[in-house]
1. Please return the ranges of helices (runs of 4 or more DSSP H) entirely within the stretch 25-122 where 1 or more residues are at pLDDT 95 or above, within 23 Å of LYS168 (Cα to Cα) and touching a Leu at 6+ places or on another chain (Cβ under 8 Å).
2. Filter the stretch 137-184 down to the residues that are out of contact with any strand residue (DSSP E or B) (no Cβ under 6 Å at 6 or more places or on another chain) and in a helix (DSSP H, G or I) and list them by number.
3. Quick check on the stretch 74-102: of everything there that is farther than 21 Å from ALA17 by Cα and of a type in the set (Val, Ile, Thr), which residue is surrounded by the fewest Cβ atoms within 10 Å (Cβ to Cβ)?
4. Looking at the stretch 131-184 only, could you name the residues that are of a type in the set (Asp, Glu) and either closer than 20 Å to CYS15 by Cβ or in contact (Cβ under 8 Å) with a residue 40 or more places away in the chain (or both)?
5. Name the residues in the stretch 17-26 that are of a type outside the set (S, T, N, Q) and either on the phi > 0 side of the Ramachandran plot or surrounded by fewer than 19 Cβ atoms within 10 Å (Cβ to Cβ) (or both), would you?
6. Kindly evaluate ASP108 against the criterion of being within 13 Å of GLY157 (Cα to Cα), surrounded by 22 or more Cβ atoms within 10 Å (Cβ to Cβ) and in contact (Cβ under 8 Å) with a residue 24 or more places away in the chain.
7. Mind telling me which of the residues ALA34, ALA38, ALA66 ends up being out of contact with any helix residue (DSSP H, G or I) (no Cβ under 9 Å at 6 or more places or on another chain), open to solvent by less than 30 Å² (accessible area, probe 1.4 Å) and hydrophobic (A, V, I, L, M, F, W, C)?
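The values are calculated or read from the model by the stated rules, or taken from the named source; none is laboratory data. From a predicted model like this one, the values you see are computed outputs, not experimental measurements. Cβ: placed from backbone, ideal geometry, glycine included. Neighbour counts: every protein chain shown. Accessible surface areas use protein heavy atoms only, side chains included; no ligands, DNA or RNA. Shrake-Rupley method; radii C 1.70, N 1.55, O 1.52, S 1.80 Å.
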Amino acid sequence: MNQAALDNMKARRSCRAFLPEMPSRDLIAAICEAGTWAPTGHGKQSPVIVAVTDKKLRDRLSAMNARIWNELKLQRGDKPTEGFDPFYGAPVVLVVLADRTVPTYHYDGCAVLTNMANAAEAVGLGSCWIHRAKEEFDSEEGKAILAELGIDGDYEGIDHLVVGYAAKEAAPPLPRKKDYVRWA
């Protein structure tokens with residue numbers, strides 16, 4: 001049994017406050033590599049990881065995500081959040097896209113995100129899974145970004161993993177619910 005791997009998974013928490021310092025390219029590459037080893041349906045490897053370290057593109061994605069967040073809030077009758085950075089100041093955004101023509105594309109992308117979140121913890125970085133990538137990359141602006149990046153095909157934004165050095169210690173985990181595992 002690899003207890004260290006299990007302990008790493010138990011220790012991982014979502015980080016919602018990041019320092020502005022950019023992690024090394026080697027650390028980011030290690031996290032992305034872990035994503036490439038996630039299980040995928042029939043071994044099709046439908047996901048693509050876009051490692052965003054360019055501040056201008058990072059801020060553009062953040063602004064898009066915040067607009068979508070506020071549109072959703074308005075639909076629910078909630079007040080928009082002004083000046084909100086949905087990426088919590090993280091300097092790195094790992095965008096996971098997946099090929100919609102593969103039946104398991106969504107699950108494949110989620111497995112990639114999970115592997116990368118656990119890898120971030122293993123290399124000493126904080127991370128947080130951020131939603132709304134589907135809406136971002138289904139938009140005309142999102143499609144234009146993909147074209148700028150040379151990404152062709154029928155890709156759906158699965159989600160983002162924001163990564164960086166944590167600005168504060170993670171909160172302790174909540175207790176696991178008693179009926180989480182059911183034996184049959």
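1. 25-36, 105-122
2. Within the stretch 137-184, ASP138, GLU140, GLU141, GLY142, LYS143, ALA144, ILE145, LEU146, ALA147, GLU148 qualify.
3. In the first step, residues of the stretch 74-102 are kept if they are farther than 21 Å from ALA17 by Cα; the result is 74-79, 96-102.
Right, trim to of a type in the set (Val, Ile, Thr) and you get 96, 101-102.
Values: VAL96: 26, THR101: 11, VAL102: 19.
Across the stretch 74-102, the extreme among qualifying residues is THR101.
4. Residues of the stretch 131-184 of a type in the set (Asp, Glu): 135-136, 138, 140-141, 148, 152, 154, 156, 159, 169, 179.
GLU135, GLU136, GLU141, ASP154, GLU156, ASP159, GLU169 - these are the residues of the stretch 131-184 that are of a type in the set (Asp, Glu) and either closer than 20 Å to CYS15 by Cβ or in contact (Cβ under 8 Å) with a residue 40 or more places away in the chain (or both).
5. Applying the first criterion (of a type outside the set (S, T, N, Q)) to the stretch 17-26 yields 17-23, 25-26.
The answer is ALA17, LEU19, PRO20, GLU21, MET22, ARG25, ASP26.
6. Numbers: within 13 Å of GLY157 (Cα to Cα): yes; surrounded by 22 or more Cβ atoms within 10 Å (Cβ to Cβ): yes; in contact (Cβ under 8 Å) with a residue 24 or more places away in the chain: yes.
It is true that ASP108 is within 13 Å of GLY157 (Cα to Cα), surrounded by 22 or more Cβ atoms within 10 Å (Cβ to Cβ) and in contact (Cβ under 8 Å) with a residue 24 or more places away in the chain.
7. On the way: ALA34 fails: out of contact with any helix residue (DSSP H, G or I) (no Cβ under 9 Å at 6 or more places or on another chain); ALA38 fails: out of contact with any helix residue (DSSP H, G or I) (no Cβ under 9 Å at 6 or more places or on another chain).
Matching residue, one of ALA34, ALA38, ALA66: ALA66.
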